[in-house]
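Some notes on the structure that comes next.
The values are calculated or read from the model by the stated rules, or taken from the named source; none is laboratory data. Everything numeric here is computed off the predicted structure, so don't read it as measured data. Glycine gets a Cβ as well: all are built from the backbone with ideal geometry, and neighbour counts include every protein chain shown. Areas reflect the complete protein model, heavy atoms only, side chains present, ligands, DNA and RNA absent. Shrake-Rupley method; radii C 1.70, N 1.55, O 1.52, S 1.80 Å.
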Amino acid sequence: MSKKYYLDDLMKSILSKTQQGLEISAEPYKSLAKSCGIEERELISRLKWLKKEKLLKRINFSFNTKKLGLVSTLIGCQIPEEKIKTTREIINNRQNISHNYLREHRLNMWFTLSARSKQELKFNLDELKKKLKPKEIVSLPTEKLYKLRLNLNVN
Amino acid sequence: MLTDKEKKVAGYFSKNELEISPRPFTKAAAALLMQEEELIAILNKLSQKKIIKNLRGVLNHKRAGYAKNALIAWNMDGFTCGNKDEFIKKTFIDDDRISHCYKRTPHKSFNYDTFTMMHAKSVKEIRNFVNEKGAGFRIKPAVLFTRKELKKEMLSLGSLL
């Protein structure tokens, strides 16, 4: 299923440097190219290939949600197999839910819910409970972010 | 805290990735009805205010050979072997296989207070990690292997700002 890739050193260096970060400027790929020792044109064509082959998911800004005043919680619930499809639709339609996973556990569905305040979070959770009617549900509010960074060794 | 323009910019880039093109901000600026220069100034301001954490590439961990991942829940409260902060730093923060680490309020039927996501090449690698690192805990860590990703997106800020 998953293809094997043999990336040359330049590809690896591009992936690694892109993962480390780009500067915020009108032409961010120009300076990235320079640090990889290649022309911008070549960098762009290689990045497009990496994206097409799905080795690079995307390049994006990430935001500090805490600084934006947002609160969040991780929710685990027990959803019977036959209800997974409909539950998934309900959950995936919500903009305030960014991640949703099936996991191997009694609590088999896990997702994150964000809101502007604790009250709003509780309101949304209560509403979801009514709608999903899970056999069991646990909410684990975020107290502190220790780490959020996926750094993959590309070698 | 944020100006209306900053909200618009944050809302836009929480939903849209950066284009791969020589001038990746021109289209965004047009969509936001501003000049490219102004947009970049706002983004830099958000970055200075630490509201923007970074602009970076996200690799596909499955394609990079990290086929297995698991949510591991720890009860740090019951950690008996030394300094908790040191353990968290050494075991979670310094290990590149751990992508997320959060402190959470435990629940009575899921009594764990620290949550990590681990990416590895095999189930065995994750099991070994938990067996080794989980030795000093009164409550055994819970390992929840990922069965399927149903949704994984950037959190869309538009409706939350």
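Here are the numbers for this structure:
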read-out	value
Residue in the stretch B:21-30 that is among the basic types (Lys, Arg), open to solvent by 10 Å² or more (accessible area, probe 1.4 Å) and under 19 Å from the mean Cα position of the chain (by Cα) present	no
Residue within the stretch A:75-95 that is closer than 30 Å to B:Ala41 by Cα, touching a Ser or Thr at 6+ places or on another chain (Cβ under 8 Å) and open to solvent by less than 40 Å² (accessible area, probe 1.4 Å) present	no
Unmet criterion (only one of (1) out of contact with any helix residue (DSSP H, G or I) (no Cβ under 8 Å at 6 or more places or on another chain); (2) open to solvent by less than 50 Å² (accessible area, probe 1.4 Å); (3) within 13 Å of A:Ile14 (Cα to Cα); (4) of a type outside the set (Gly, Ala, Ser)) for A:Leu47	(1)
Pair list, Cβ < 6 Å and 6+ apart or interchain, from the stretch B:142-161 residues that are not assigned by TED's automatic domain parsing to the domain that holds B:Phe13 to residues that are surrounded by fewer than 17 Cβ atoms within 10 Å (Cβ to Cβ) and among the small types (Gly, Ala, Ser)	none
Residue within the stretch A:24-35 that is among the basic types (Lys, Arg) and open to solvent by less than 70 Å² (accessible area, probe 1.4 Å) present	no
Any hit, the stretch B:127-137, residues being outside any helix (DSSP H, G or I), of a type in the set (A, V, I, L, M, F, W, C) and within 11 Å of another protein chain (Cβ to nearest Cβ)	no
Some residue of the stretch A:94-112 being farther than 24 Å from B:Ala67 by Cα, in contact (Cβ under 8 Å) with a residue 40 or more places away in the chain and in contact with a Leu (Cβ under 6 Å, 6 or more places away or on another chain)	no
Matching option when the condition is within 7 Å of another protein chain (Cβ to nearest Cβ) and crowded, with 18+ Cβ neighbours inside 10 Å, among A:Leu121, A:Leu148, A:Leu113, A:Leu56	A:Leu56
Condition check for B:Ile93: hydrophobic (A, V, I, L, M, F, W, C), within 7 Å of another protein chain (Cβ to nearest Cβ) and open to solvent by 50 Å² or more (accessible area, probe 1.4 Å)	yes
Answer residue from the stretch B:1-43, given it is in a helix (DSSP H, G or I) and hydroxyl-bearing (Ser, Thr, Tyr) and is farthest from A:Asn64 (Cα to Cα) among those	B:Thr26
Selected residue (criterion: most open to solvent (accessible area, probe 1.4 Å)) from residues of the stretch B:61-83 that are more than 7 Å from chain A (Cβ to nearest Cβ) and part of a strand (DSSP E or B)	B:Lys68
Long-range neighbours under 8 Å by Cβ, at least six apart or interchain, first residue at the interface with chain A (Cβ under 7 Å from one of its Cβ atoms) and without any contact (Cβ under 8 Å) to a residue 24 or more places away in the chain within the stretch B:48-60, second of a type in the set (Val, Ile, Thr) and open to solvent by less than 20 Å² (accessible area, probe 1.4 Å)	B:Arg56/A:Thr18; B:Arg56/A:Ile59; B:Gly57/A:Thr18; B:Gly57/A:Ile59; B:Val58/A:Ile59
Criterion violated by B:Ala120 - all others in (1) closer than 26 Å to A:Leu15 by Cβ; (2) buried (at least 19 other Cβ atoms within 10 Å of the Cβ); (3) facing chain A (nearest Cβ under 7 Å); (4) out of contact with any His (no Cβ under 6 Å at 6 or more places or on another chain) satisfied	(3)
Inter-residue pairs, beta-carbon under 8 Å, first closer than 12 Å to B:Thr91 by Cα and in the stretch B:128-139, second open to solvent by 60 Å² or more (accessible area, probe 1.4 Å), 6+ apart	B:Phe129/B:Arg97; B:Gly134/B:Lys140
